[in-house]
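Since the structure comes first, as structure tokens, the remarks are kept for the end.
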Amino acid sequence: MADEKLDFSRLMGLAGGHAEARVIQMALKLGFFEALHPDPLDADALAAAVNCDRRATMLLANALVALSLLRKNGARYGLADDSRRFLLKGSPEYLGGMILFDEALWSTWGQLDESIRNGRPARAPDMYQSEPDETDRFIRAMDSLVRARGDAVWTAQQLDLSWARTVADLGGGPGTYLVEFLRRWPNLRGILFDLPATLQVTRRILDERGALQERLALNELDYKRGEIPGPLDIIFMSNIIHSEDEAANSLLIAKSFRALAPGGLLVIKDHIMDDDLTVPAAGALFSLYLLLTTNGRDYSLDEVTKWLRHAGFSDVRLETLPSPPFSSSMVLARKP
């Protein structure tokens, strides 16, 4: 991205990208896509279905047609194929949870200038534990993103876990990765460690899907305050280190080392940046999300490797996920 020519059209597209984002967010929030499933509707019927003004509904629907998210046939609006795939709640690839999470952070982005000035988050970095609605939105957003993009399936296919018996997902949220690991590897038993408010949402999601709960334990753990119970064969952590500062990550990786059995494997999946912290571009931009909501950022392979070596890990290696659709990597390390 850094080498791409920045002409007028591209610059205007970047500067005005909020408009497209808000069109999609509002259509989801107001229920446009669900209202148009299964049958197309004209503007009057659509406005009645979503309880909105007829003229304003038409304008938003026309914008969605322009973005190829709706189709228009005469006066009637219908769903495009990609909208059925990614924007209907009943789809296994539903991305709406992540989009609605972004929508809820809209006002937080309005405080970016203050966070740049003072270096502090714009909201309390509580991992969305304080309000049940926020917890539910956050955890379902993580599930939505991973399921729609396919991270969990790809990771489970890529990792050889045939030798292991116990795998722990640290800060595992909705359990999306852990369920996929257990589904692929019948030899495994899984433990998901997370905070109490998160686990309430996790239980609801697992109950909704009837997902392998006989082989999956949910255990409360604040990894910043307590030790990780072991011994474990594998510790997996996805999008955890980016929420913490350098000192907290060094301690967390040391705790992981202590919790693993000899020969155990630590898998860190995250945006792993180059030494300049600018590639991948998605990680550089996401670090601003993290500035607004956490004490962390995205880290380089050199930074992660130093924490691992200091803790005692060996055989450290990087595995980059194929891009597109992914923008993250896995760092794998063994306990001797």
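Odds and ends about this structure:
- Percent antiparallel among DSSP beta bridges (both partners in the chain, rounded to 5): 45 percent
- Overall size of the stretch 181-238 from C-alpha positions, given as principal axis extents largest first: 31, 27, 19 Å.
- For the stretch 162-214, the list of trypsin sites (Lys or Arg not before Pro) that fall in a loop by DSSP and count at most 15 other C-beta atoms within 10 angstrom reads 165.
- Cα gyration tensor category, rounded, prolate or oblate, for the stretch 112-334 with a/c compared to 1.5: rounded
- Relative contact order of the chain, pairs being alpha-carbon contacts under 8 Å that are 6 or more residues apart, as %: 12 percent
- Taking amide H atoms as placed 1.01 Å from N in the peptide plane, the amide H of residue 297 lies under 5 Å from those of 244, each 5 or more residues away in sequence or on another chain.
- Dividing the helix sum by the residues of the chain, where each DSSP H run of 4 or more adds -39500 (n - 2.57), gives a mean residue ellipticity at 222 nm of -14000 deg cm²/dmol.
- Shape of the stretch 156-263, Cα gyration tensor, a/c cut at 1.5: oblate
- Reducing the stretch 249-269 and the stretch 168-236 to their Cα centroids gives an inter-centroid distance of 16 Å.
- Global form of the stretch 167-212, assessed from the alpha-carbon gyration tensor, a/c cut-off 1.5: oblate
- Long-range HN-HN contacts of residue 169 with modeled amide H, under 5 Å: 191, 192, 193, 236
- In the stretch 71-117, trypsin sites (Lys or Arg not before Pro) in a DSSP loop with at most 16 other beta-carbon atoms within 10 Å: 89
Every number here is computed from the coordinates shown, using simple stated rules; none is lab data. Because the structure is a prediction, the values reported are computed rather than measured. So basically every Cβ, Gly included, is an ideal-geometry build from the backbone, and we count neighbours across all protein chains shown.
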